[in-house]
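Novice: Let me give you the structure first, and then I'll get to my questions.
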Amino acid sequence: MTCDEFQRVLPYIMEGGGSDAEQTHVQSCPHCSALVEDLNSIAAQARLMLPLRDPSPAVWSGIRDSLEREGLVRPAGNVVRLRPDGLRPRSWSWAAMSAVAALVLLSFALVRYRNLLGTPPAAVPVTQAQVAPAAPLPADQEVVLAVAERNPDLRATYEAGLRDVNDYINSAQQTVDQNPDDPDAHEQLMQAYQQKAMLYDMALTRATQ
Amino acid sequence: MPSKMHVTVVLLLAVAAAVPAAAQVKREFRYTVAPGASVAVYNEYGPVSVRAIAGRQVVVVATLASGKVEIDPLQAGNRLEFRTHALERISGSDGSVHYDVSVPPDANVNVRVVNGPITVENILGDLTLLDDAGTVDLRNCSGGHVRVQTISGPVTLSESSNGYIDITSVSGNVALKNVTGRKVTVNTNRGAIRYDGDVGQNAAYSLINNTGNIDFIAPASASMDVTARSVSGTVENDFPLQPKRRTGFAPQPGRAFTGTSNAGSSTVELRSFSGTIRVKKR
């Protein structure tokens, strides 16, 4: 089994443990074994970020929205949305934030391990001017509202910070799309996501401090 | 003879000056701790200053701007915690608390502030400093793990050696002066990064940002292996670098370079998305 084949079935392995061949591969390949170890560690961290009680169905709806917006899953189509519009309990904000923070961390890990092999060609750069400013994501707005509720003075700081980070992610993502084999571009995208994770983490800290 | 109006204005000014002074409350806490104590301060508004003192005492002097806030101290074994507690809705003016914290040099310190400067001097333990909108200034903090996170506040770190440094700021500038760590990582978005000093031995520097500039200034004797790349900005170098053999890095004139100065005992990685990177001799 090759690393490529292994990584293609990695999500199933994370859930179910994997077949004998997959287990043999992960035991013999330091790269894939490090990847599994890191993802396990991130998943453990993500679990800690989630509330201790069971989240409401609205949370899963919020996560689905986030996944769709990030392009990680296809739109639900005719699936009935569970969250009634305009009805968002306060705890939802933090659950969604935790989920998005977890997503950010997972994206960060996946980006890190994508295309690590091969010599990088010179990248085709995407300049900031070419990238449209990122529209605020609903999850970001939740973060800003939650922070501002407790510390109104911080609203502008978080708004500007999230805008900057989203622009960073957009421009880095476009460069990665144009230069998928450039590890530096991936690293830059990883740094951008890391900053977003930091912002969410700080916001979470503010809410619980 | 002064007019009635003059006297009234003087009296009003005197009262106005006296009111904030009267509203201020000063509280002092003293504890004796064992080596490696952990001291945490959580503040909403106002400065937090931390410095080392000889002996095993932790002394915290908190000056509260008003009666709308109080301090919740906690001691659990060798761990101390001081938390600003708002009794009602507060703002930056009436909710401000100024913490003056003195700890043994080996203490591990954790400070979180919403908006106010953090200053730390002469601490050898681990430091975790989180500040949403304020500045962070560290001096003579060596040997420990230093983690700093800000959103908009600038960060300065000077005269530190042999530590693990990890600084992240979204839009604050980061300035390092004479910082030789085993691992020095700076990650900003719009903030500029400036390093000025020698690089020591066996250290690893990684300075990365998005749109800000990166200036790396070192003496001609610096022993370093440098890699610099700006994806859509420019790079400049005035060190006579020796080319490296067998590297996967693709140099691009004006955009990316790599090479070794002297023995190359430390690694320096500089990367920006669209900023200018300058490697300069001191």
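Novice: Go through segment B:68-96 residue by residue and tally those that are over 30 Å from B:A34 (Cα atoms) and out of contact with any strand residue (DSSP E or B) (no Cβ under 7 Å at 6 or more places or on another chain).
Specialist: 5
Novice: Taking the residues in segment A:177-186 that are surrounded by fewer than 24 Cβ atoms within 10 Å (Cβ to Cβ) and touching a residue at least 24 places away in the same chain (Cβ under 8 Å) as candidates, determine which candidate is farthest from the other protein chains (Cβ to nearest Cβ). If you could, list the steps in order and put the result at the bottom.
Specialist: Of all residues in segment A:177-186, those surrounded by fewer than 24 Cβ atoms within 10 Å (Cβ to Cβ) come to A:177-184, A:186.
Subsequent filtering for residues that are touching a residue at least 24 places away in the same chain (Cβ under 8 Å) retains A:178-184, A:186.
Numbers: A:Q178: 11, A:N179: 9, A:P180: 14, A:D181: 11, A:D182: 9, A:P183: 8, A:D184: 6, A:H186: 12 Å.
So the residue we want is A:P180.
Novice: If I filter segment B:9-30 for residues that are surrounded by 12 or more Cβ atoms within 10 Å (Cβ to Cβ) and at pLDDT 95 or above, do I get at least one hit?
Specialist: Yes, segment B:9-30 contains a residue that is surrounded by 12 or more Cβ atoms within 10 Å (Cβ to Cβ) and at pLDDT 95 or above.
Novice: Please find, among B:V109, B:V113, the residue that is buried (at least 23 other Cβ atoms within 10 Å of the Cβ), within 14 Å of chain A (Cβ to nearest Cβ) and within 14 Å of B:N43 (Cβ to Cβ).
Specialist: Values: B:V109 fails: within 14 Å of chain A (Cβ to nearest Cβ).
From the options B:V109, B:V113, the qualifying one is B:V113.
Novice: Looking at B:A54, B:A62, B:A37 in this structure, which one is in the same structural domain as B:D100 (by TED's automatic domain parsing), aliphatic (A, V, I, L, M), open to solvent by 20 Å² or more (accessible area, probe 1.4 Å) and at negative phi?
Specialist: One residue alone meets the criteria, B:A54.
Novice: Hey, A:A160 hits all of (1) facing chain B (nearest Cβ under 9 Å); (2) closer than 30 Å to B:G46 by Cα; (3) in contact (Cβ under 8 Å) with a residue 12 or more places away in the chain; (4) open to solvent by 10 Å² or more (accessible area, probe 1.4 Å) but one; which does it fall short on?
Specialist: (3)
Novice: Another question, if that's okay. What is the residue count in segment B:229-263 for residues that are away from chain A (no Cβ under 11 Å) and either part of a strand (DSSP E or B) or open to solvent by less than 20 Å² (accessible area, probe 1.4 Å) (or both)?
Specialist: Matching residues across segment B:229-263 total 10.
The values are calculated or read from the model by the stated rules, or taken from the named source; none is laboratory data. Here the structure is a predicted model, which means the values were calculated and not measured. Methodologically, a virtual Cβ is constructed for each residue, glycine included, from the backbone with ideal geometry; neighbour enumeration extends over all protein chains shown. Each accessible area value is taken on the protein alone, full model and side chains, heavy atoms only, with ligands, DNA and RNA left out. Shrake-Rupley method; radii C 1.70, N 1.55, O 1.52, S 1.80 Å.
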